[in-house]
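S.K.: Take a look at the following structure, please.
The values are calculated or read from the model by the stated rules, or taken from the named source; none is laboratory data. All values derive from a computational prediction rather than experimental measurement. Heads up, the Cβs are rebuilt from the backbone with ideal geometry, glycines too, and the neighbour counts pull from every protein chain shown.
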Amino acid sequence: GENVEQHPSTLSVQEGDSAVIKCTYSDSASNYFPWYKQELGKRPQLIIDIRSNVGEKKDQRIAVTLNKTAKHFSLHITETQPEDSAVYFCAARGSSNDYKLSFGAGTTVTVRA
Amino acid sequence: EAQVTQNPRYLITVTGKKLTVTCSQNMNHEYMSWYRQDPGLGLRQIYYSMNVEVTDKGDVPEGYKVSRKEKRNFPLILESPSPNQTSLYFCASSWDRGGTEAFFGQGTRLTVV
């Protein structure tokens with residue numbers, strides 16, 4: 001099955017700086033890659049996603065890039081703010097016949113004021 | 001208000017005592033799934049369902065059962081809970097069979113002693 005690896009496991013950034021989280025996946029047939037943010041004690045919430053026919057997607061301060069050849073995708077947060085502090089999870093969904101969603105282990109992001 | 005509702009939020013039980021965690025969504029979503037979240041392991045999919053009476057195993061199905069008799073409900077059943085099933089459980093639903101995992105429930109923290 002799909003194996004998703006996520007790095008780094010923790011990330012501390014100064015407010016206003018950028019944060020980058022990287023994930024790799026093993027199944028070349030994977031076609032959907034969402035990112036989730038989970039604040040302490042809360043449920044995961046989808047913040048951005050990308051499909052395999054797109055190389056980059058932006059939503060305000062958040063962007064995701066996908067490199068299908070290398071089988072990796074990244075989350076970029078610019079101009080970080082204290083409210084960006086959370087655990088971020090990447091995920092990959094397999095081919096159209098496999099609806100299993102595999103998650104990375106998560107990155108704890110701390111934005112220092 | 002669109003939501004996914006899980007019950008109970010917290011549960012302490014003893015080994016071997018059957019239990020059910022309920023999940024209900026009010027968005028008429030076809031796709032529902034269950035995850036468990038453990039420190040350092042991220043979210044792992046237990047079971048998923050693409051529609052009524054259609055369920056399939058995720059990555060960690062052992063020790064769990066599910067049913068999907070109605071579109072809105074997707075209960076998770078632990079026939080004989082064991083301490084290694086102590087975890088935080090999330091139910092999720094999505095409108096798109098191959099797409100966005102948009103809504104998670106509030107989570108159920110289960111402790112098996």
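S.K.: Given the condition among the acidic types (Asp, Glu), out of contact with any strand residue (DSSP E or B) (no Cβ under 9 Å at 6 or more places or on another chain) and modelled with pLDDT of 95 or more, answer yes or no: does some residue in segment A:84-104 qualify?
M.R.: So far as segment A:84-104 goes, no, none of its residues is among the acidic types (Asp, Glu), out of contact with any strand residue (DSSP E or B) (no Cβ under 9 Å at 6 or more places or on another chain) and modelled with pLDDT of 95 or more.
S.K.: Considering segment A:1-35 alone, what residues qualify as being buried (at least 17 other Cβ atoms within 10 Å of the Cβ), within 13 Å of chain B (Cβ to nearest Cβ) and hydrophobic (A, V, I, L, M, F, W, C)?
M.R.: Correct list: A:4, A:21, A:23, A:33, A:35.
S.K.: Related question: Hand me the list of strands (runs of 3 or more DSSP E) wholly inside segment B:1-98 holding 3 or more residues that are within 14 Å of chain A (Cβ to nearest Cβ).
M.R.: Details: elements: B:4-7, B:10-13, B:19-25, B:31-38, B:42-51, B:54-57, B:76-78, B:87-94.
Hits in segment B:1-98: B:4-7, B:31-38, B:42-51, B:54-57, B:87-94.
S.K.: Additional query: Answer yes if at least one residue in segment B:64-79 is at positive phi and more than 12 Å from the chain's Cα centre (by Cα), and no otherwise.
M.R.: Let us first name the residues in segment B:64-79 that are at positive phi, namely none.
There is no residue in segment B:64-79 that is at positive phi and more than 12 Å from the chain's Cα centre (by Cα).
S.K.: What about residue B:79, is it without any contact (Cβ under 8 Å) to a residue 24 or more places away in the chain and farther than 24 Å from residue A:36 by Cα? Steps first, answer last, please.
M.R.: Details: without any contact (Cβ under 8 Å) to a residue 24 or more places away in the chain: no; farther than 24 Å from residue A:36 by Cα: yes.
For residue B:79, the condition - without any contact (Cβ under 8 Å) to a residue 24 or more places away in the chain and farther than 24 Å from residue A:36 by Cα - is not met.
S.K.: Let me ask something additional. Any residue in segment A:83-95 that is in a loop (DSSP other than H, G, I, E, B) and within 11 Å of another protein chain (Cβ to nearest Cβ)? Outline the logic, then answer.
M.R.: Kept after step one, since they are in a loop (DSSP other than H, G, I, E, B), are these residues of segment A:83-95: A:85, A:94-95.
So of that shortlist, the ones also within 11 Å of another protein chain (Cβ to nearest Cβ) come out as A:94-95.
Looking for residues that are in a loop (DSSP other than H, G, I, E, B) and within 11 Å of another protein chain (Cβ to nearest Cβ), one finds at least one in segment A:83-95, hence yes.
S.K.: While we're looking at this one, here's another question. Can we say residue A:65 is farther than 11 Å from residue A:19 by Cα, within 11 Å of the chain's Cα centre (by Cα) and of a type in the set (S, T, N, Q)?
M.R.: Taking the combined requirement at face value, the residue satisfies it.
S.K.: Applying the selection to segment A:54-97, what residues are of a type in the set (D, E, K, R) and surrounded by 17 or more Cβ atoms within 10 Å (Cβ to Cβ)?
M.R.: Of everything in segment A:54-97, those that are of a type in the set (D, E, K, R) and surrounded by 17 or more Cβ atoms within 10 Å (Cβ to Cβ) turn out to be A:84, A:93.
S.K.: Something else now. Quick test of your reading of the structure: residue A:50 fulfils all but one of (1) surrounded by 17 or more Cβ atoms within 10 Å (Cβ to Cβ); (2) more than 14 Å from the chain's Cα centre (by Cα). Name the failing condition by number.
M.R.: Here residue A:50 meets the rest and fails (2).
S.K.: So, one more: What is the one condition in (1) out of contact with any strand residue (DSSP E or B) (no Cβ under 7 Å at 6 or more places or on another chain); (2) more than 16 Å from residue B:78 (Cα to Cα) that residue B:49 does not satisfy?
M.R.: All conditions are met except number (1).
S.K.: Determine which member of the set B:31, B:10 is over 17 Å from residue B:83 (Cβ atoms), touching a strand residue (DSSP E or B) at 6+ places or on another chain (Cβ under 9 Å) and touching a residue at least 12 places away in the same chain (Cβ under 8 Å).
M.R.: Working: B:10 fails: over 17 Å from residue B:83 (Cβ atoms).
Criteria check complete, one pass: B:31.
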